Structures are given as structure tokens and as C-alpha cells.
Amino acid sequence: MRAFADLLDRLIYTRSRNAKLRLIGDYLKATPDPDRGWALAALTGGLDLPAVKPALIRALGEERVDPVLFRMSRDYVGDSAETVALLWPERPVSGGMDLRLSAIVDRLATLSRSDAPAVLADYLDRLEADERFALLKIATGALRAGVSARLAKTALAQAFGIDVEDVEEVWHGIAPPYFELFAWAEGREPQPTARDVPVFRPFMLAHPLEDLRVDLSDYAAEWKWDGIRVQIVHVAGQTRLYSRTGDDVTGSFPDVTAAVTVSGVFDGELLVKGEAQGGEAASFNALQQRLGRKIVSAKMLADFPAFVRLYDILFDGAEDLRALPWTERRARLEAVMPRFDAARFDLSALIDAKDFDALEEIRSGARDAAIEGVMLKRRDSAYVTGRRVGLWYKWKRNPLNADCVMMYAQRGSGKRSSYYSDYTFGCWTEDGELTPVGKAYSGFTDAELKELDRFVRTHTLNRFGPVREVEKTLVLEVAFDSVHASKRHKSGVAMRFPRISRIRTDKPAAEADTLATLQRMIT
């Protein structure tokens with residue numbers, strides 16, 4: 001655990017991407033199996049210790065430390081794991097324990113929830129503060145070290161001189177602690193094969209179009225749908241549905257996966273059909289009812305039927321089509337579409353526009369609930385991993401705006417744990433009351449964050465744990481992609497991707513927008 005704690009500490013305080021790559025690479029080369037495999041799993045989100053939950057960690061903290069002191073410290077620090085790691089009073093312990101990362105993971109992974117408190121407390125008694133922090137972060141899956149799964153895989157590839165795309169190709173076919181992966185990386189075994197295994201292939205991504213104008217003779221245009229990007233893999237009679245980040249979401253959408261009979265790998269947008277839309281794609285708010293559910297009831301399947309709008313084909317059966325230009329892949333996709341269940345799959349239509357000006361006019365008039373913008377795809381582009389300049393562009397529709405009043409603020413996490421950086425804001429009702437309509441924690445500069453934090457600290461009315469209620473005097477201009485009706489929110493509305501676009505110190509709170517204004521924007 002000592003080596004991983006040192007790695008995590010350095011990663012947290014290192015901003016340079018190249019420096020992070022070197023730190024992870026050096027650790028993976030110097031650390032033996034299976035410790036390095038479990039460390040890689042922790043960095044990439046592939047480690048699951050179900051017996052250890054945040055509630056257990058808080059309970060242990062309040063049991064070992066005065067509860068009032070613990071809560072006050074948690075409010076100041078902004079993170080339960082860090083608070084427990086720092087406040088934990090060490091006790092003399094007898095007998096040796098195996099404190100290697102792999103030994104700890106093996107034991108915690110097999111614990112029952114009833115045994116977990118005693119075992120976890122025993123480990124915390126034997127570890128130093130930074131090791132306790134690393135252990136608790138691993139256990140909750142919230143490292144927040146500024147390391148994405150892609151960066152960790154890139155570090156592995158660079159450290160051992162292999163191609164990161166080859167790593168991605170086999171990643172989902174290998175389970176932690178990745179013995180086969182490291183045996184290949186060190187040249188002891190051949191590259192693992194993904195044949196007959198429904199593994200994830202990294203998506204091709206798009207750059208924002210920004211101020212660029214393109215020639216539509218070189219680029220095809222299609223709608224950017226407001227669902228979640230998914231990859232359908234059907235191999236050897238098995239079907240898997242992967243999210244953009246490579247998470248397996250098969251179990252959440254059994255109605256879609258059961259309908260797949262076409263062998264290959266397909267790229268598309270997962271949506272749900274809306275009754276109000278006559279069976280067409282509903283808003284993201286409707287899709288959200290299905291996301292993250294491990295058990296999907298019959299009523300949920302009936303009320304929010306899922307389907308996939310297909311964009312691209314990566315494999316036709318066992319044939320890899322990714323090197324072909326987009327025009328040829330599109331033709332192959334159109335050719336296989338009749339073999340798909342039309343109730344669960346359709347083809348994303350191309351936009352017929354004679355030139356860029358015509359496309360701009362079409363885009364500006366698009367306020368369909370499920371349309372997020374326009375995609376522009378170079379007709380001769382191969383399907384390549386990641387964002388490559390000049391190949392695909394995304395052109396989101398212009399955001400909506402509303403002037404709202406800050407109501408509550410909460411401390412952030414990680415680097416923002418010392419600032420009040422999460423803001424709940426509201427609009428006026430017909431009765432002249434403020435009602436919360438959204439929450440945002442992005443869109444502002446570092447200087448604006450300090451200004452907002454200062455306002456929160458000097459205008460606090462009440463405290464509720466880590467949350468502060470503030471005087472209803474500061475107006476925030478909030479930008480958002482769309483707004484939808486919602487039964488889950490008291491206001492009856494839900495914003496899509498809200499962010500703070502401006503601090504309106506020039507505007508009195510009484511002149512902020514009303515709830516009726518947002519309701520008129522509902523798509």
C-alpha cells in the first residue's frame with residue numbers, strides 16, 4: 001500500500017499530463033504483479049469493493065472521533081475519506097498483517113457487509129495517514145487524482161512501448177489484475193485476442209466546430225441526437241452494449257440487447273421513444289429515467305421503451321471496416337439495416353443542405369426535444385480512435401439563457417474542497433417566491449470562483465452541514481442546452497447541462513427570470 005499511496009499523493013499534486021504519465025509508467029514498471037494490476041484497476045475505475053460504502057466510512061469516523069468534531073472537520077475538508085484519514089486516532093496493534101495492495105483488495109473484495117467495519121478499522125489502525133487516504137479512495141472508487149482511464153492506459157502503453165490503441169482493443173476482454181496484459185506488455189506472451197469476445201472498441205470523437213466553416217462537398221451533415229452514445233457488439237451469439245466511456249450498460253437496456261441479431265460492431269445513439277412525440281425520440285430527460293438502473297421493471301420498459309439510432313458500422317460480422325472511408329461504411333450500414341428490428345433500431349438521417357449557409361439556417365431552427373446540434377463528418381474519414389483534427393466536427397445548437405438567483409452553495413471536492421463552488425439557483429414563481437430550478441458548478445473562471453466563494457461566506461443566512469443558504473441578492477446568468485418538464489423536481493422543470501455564464505452584479509434579484517419563462521422554453 002505504501003507505493004500506491006505515494007503514487008496517488010504525487011498524482012494529486014501534479015498538474016502536468018506528461019508528468020502524470022511518467023509517474024504511472026514508472027510505478028507500473030517497478031511494481032510486481034498483482035499489485036500493479038489492482039492499482040491500474042483503481043486508476044481506470046475497474047475496482048469494485050461492494051462491502052465498503054461511504055456511509056460505512058462516515059460511521060467509522062464518527063465512532064472513533066467525537067461526532068461533532070468529525071462533522072465540523074468534514075465540513076471544512078469537504079471530503080469524508082480525507083477527513084477520516086487525517087483524524088483517525090492510531091491504536092497500538094499486535095500481530096502482523098499483509099499490507100500489500102493486492103492482499104488488502106483480495107480481503108475487502110470477499111467481505112460481507114457485517115464484517116466490513118471491523119476489518120476496515122483494523123487496516124486503518126495499521127496504516128499511515130496517506131495510506132489510509134489511498135485505501136479509502138480505492139474502496140469508494142473516487143480517486144479524483146486528475147487521471148482518466150485513457151490517460152492510465154496511455155501511461156501503460158508508453159511505459160512498455162506498445163500502442164495504446166492495441167491496449168484499448170483488448171482491454172474489456174481482460175479482468176483485473178490484468179496478468180495477461182502485463183505479460184504481453186513485457187514481451188513474455190503474445191498480444192491477447194478479442195476474437196469471439198464482445199469487447200469495447202474506443203469511439204471516434206468530434207472537435208467543436210467553433211468559427212470554422214466547411215465545404216459540404218467534403219463533409220456529410222447529420223443531426224447530433226441528445227441521448228447517450230453507445231456501441232453495440234454482437235459476437236458469437238453474445239451481445240454487449242457499451243457507453244462512450246466503455247462501461248457495460250447491457251443490463252440496463254435488456255429490451256435493446258435482446259433485439260440484436262446482426263453480427264458486428266455498431267456505433268449509435270441510445271434514445272427512448274416518447275408518447276407525446278408519436279413514438280419518435282423523446283428528450284434526454286425521458287432517457288434519464290432508464291439510466292443507471294440495475295433492475296428494470298416491466299412498467300419502466302413499457303413507459304420508456306429504448307431504441308438505438310445507428311450512426312456507423314465498425315465491424316460487419318468479423319470484417320473490420322474501420323479503415324474504410326465514411327462513405328463506404330455508410331453504404332455498408334444502410335445495407336445491413338433491413339436485418340435489424342425496426343422497432344428497436346433506425347438509421348440516423350443525413351441533412352439535405354446545398355451549402356453551409358443553408359445548413360446554418362436549418363440548424364438555427366432546430367428545437368426538437370432530442371436534437372442537440374449537428375455533426376459534420378468528412379466523407380473520406382476512416383473510423384479512428386479519439387479526436388482527430390479535420391475529420392469530425394460537432395456543432396451544438398446555441399445555448400439558452402436565464403437570469404437566476406443564487407439560493408444555496410456547497411463546497412466542491414478535490415482541488416475545490418476549500419471553495420464553495422456548487423451553486424443552487426432559483427427563479428420567481430407567480431406568488432413571488434424563489435424556487436430552485438437547477439444546480440451548476442462550472443462555467444466560471446478561477447477569479448470568478450473566488451468572487452462567488454467570497455459572496456457565499458459573507459452573505460450566509462443558515463448552515464445545513466456542508467451546505468450554506470445565502471441571501472437571495474446575487475443574480476447569475478445561467479446557460480443551458482435545453483429545459484424539460486420534470487416530475488422529480490419541485491419546480492417542475494429540469495435544465496440540461498446548466499453552467500454559470502456570467503455574474504450579474506448589475507441586476508437586482510427582483511428582476512431575475514420567472515419560472516414561467518423557463519416553462520415557455522420546454523421542448
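The values are calculated or read from the model by the stated rules, or taken from the named source; none is laboratory data. Keep in mind that this is a model prediction, so the values were computed, not measured. Positions of Cβ are backbone-derived with ideal geometry, glycine not excepted, and every protein chain shown enters the neighbour counts. Just so you know, the surface numbers come from the protein's heavy atoms only, side chains and all, with ligands and any DNA or RNA stripped out. Shrake-Rupley method; radii C 1.70, N 1.55, O 1.52, S 1.80 Å.
Residues in segment 321-342 that are buried (at least 16 other Cβ atoms within 10 Å of the Cβ) and outside any helix (DSSP H, G or I): 321, 322, 324, 340.
Only one of the listed residues (376, 301, 359, 314) is part of a helix (DSSP H, G or I) and open to solvent by less than 20 Å² (accessible area, probe 1.4 Å). That residue is 359.
Candidates are the residues of segment 469-483 that are surrounded by 20 or more Cβ atoms within 10 Å (Cβ to Cβ) and not polar (S, T, N, Q); the one that is farthest from residue 508 (Cα to Cα) is 483. No other residue among 431, 403 is more than 26 Å from the chain's Cα centre (by Cα), of a type outside the set (Lys, Arg) and open to solvent by 30 Å² or more (accessible area, probe 1.4 Å) apart from 431. Among the numbered conditions (1) touching a residue at least 24 places away in the same chain (Cβ under 8 Å); (2) in contact with a strand residue (DSSP E or B) (Cβ under 7 Å, 6 or more places away or on another chain), the only one that residue 332 does not meet is (1). Based on what the data block shows, is residue 68 surrounded by fewer than 21 Cβ atoms within 10 Å (Cβ to Cβ) and β-branched (Val, Ile, Thr)? So residue 68 passes the test. For segment 448-471, taking the residues that are closer than 20 Å to residue 72 by Cα and of a type in the set (A, V, I, L, M), the one that is farthest from the chain's Cα centre (by Cα) is identified as 461. Scanning segment 453-512 for residues that are at pLDDT below 90 and among the aromatic types (Phe, Trp, Tyr) turns up 464, 497. Which residue pairs have Cβ atoms closer than 7 Å, lie 6 or more positions apart in sequence or on different chains, and pair a first residue in segment 113-131 that is buried (at least 16 other Cβ atoms within 10 Å of the Cβ) with a second residue that is among the aromatic types (Phe, Trp, Tyr)? Close Cβ pairs satisfying both conditions: 124/88. Evaluate segment 405-428: report whether one residue or more is within 30 Å of residue 76 (Cβ to Cβ), out of contact with any Ser or Thr (no Cβ under 9 Å at 6 or more places or on another chain), of a type in the set (A, V, I, L, M, F, W, C) and modelled with pLDDT of 95 or more. Yes, some residue in segment 405-428 is within 30 Å of residue 76 (Cβ to Cβ), out of contact with any Ser or Thr (no Cβ under 9 Å at 6 or more places or on another chain), of a type in the set (A, V, I, L, M, F, W, C) and modelled with pLDDT of 95 or more. The set of residues in segment 342-398 being of a type in the set (D, E, K, R) and in contact with a Gly (Cβ under 8 Å, 6 or more places away or on another chain) consists of 363, 378, 394, 396, 397. Among the residues making up segment 484-497, those that are closer than 15 Å to residue 287 by Cα and surrounded by fewer than 15 Cβ atoms within 10 Å (Cβ to Cβ) are 487, 488.
One residue stands out among those in segment 337-382 that are touching a strand residue (DSSP E or B) at 6+ places or on another chain (Cβ under 9 Å) and among the hydroxyl-bearing types (Ser, Thr, Tyr): the one that is farthest from residue 274 (Cα to Cα), which is 381. For residue 236, the criteria (1) at positive phi; (2) open to solvent by less than 50 Å² (accessible area, probe 1.4 Å) hold in every case but one, which is (2). What is the one condition in (1) open to solvent by 20 Å² or more (accessible area, probe 1.4 Å); (2) touching a Leu at 6+ places or on another chain (Cβ under 6 Å); (3) at pLDDT 95 or above that residue 387 does not satisfy? So the condition that residue 387 fails would be (3).
When 272, 256, 265 are checked against the criterion of being buried (at least 22 other Cβ atoms within 10 Å of the Cβ) and in a helix (DSSP H, G or I), 256 stands alone in meeting it. Note on segment 25-94: enclosed helices (runs of 4 or more DSSP H) holding 2 or more residues that are in contact (Cβ under 8 Å) with a residue 60 or more places away in the chain and charged (D, E, K, R) are 35-43, 67-77.
Taken together, the criteria exclude residue 513 from residues that are in contact with a Leu (Cβ under 9 Å, 6 or more places away or on another chain), among the charged types (D, E, K, R) and touching a residue at least 24 places away in the same chain (Cβ under 8 Å).
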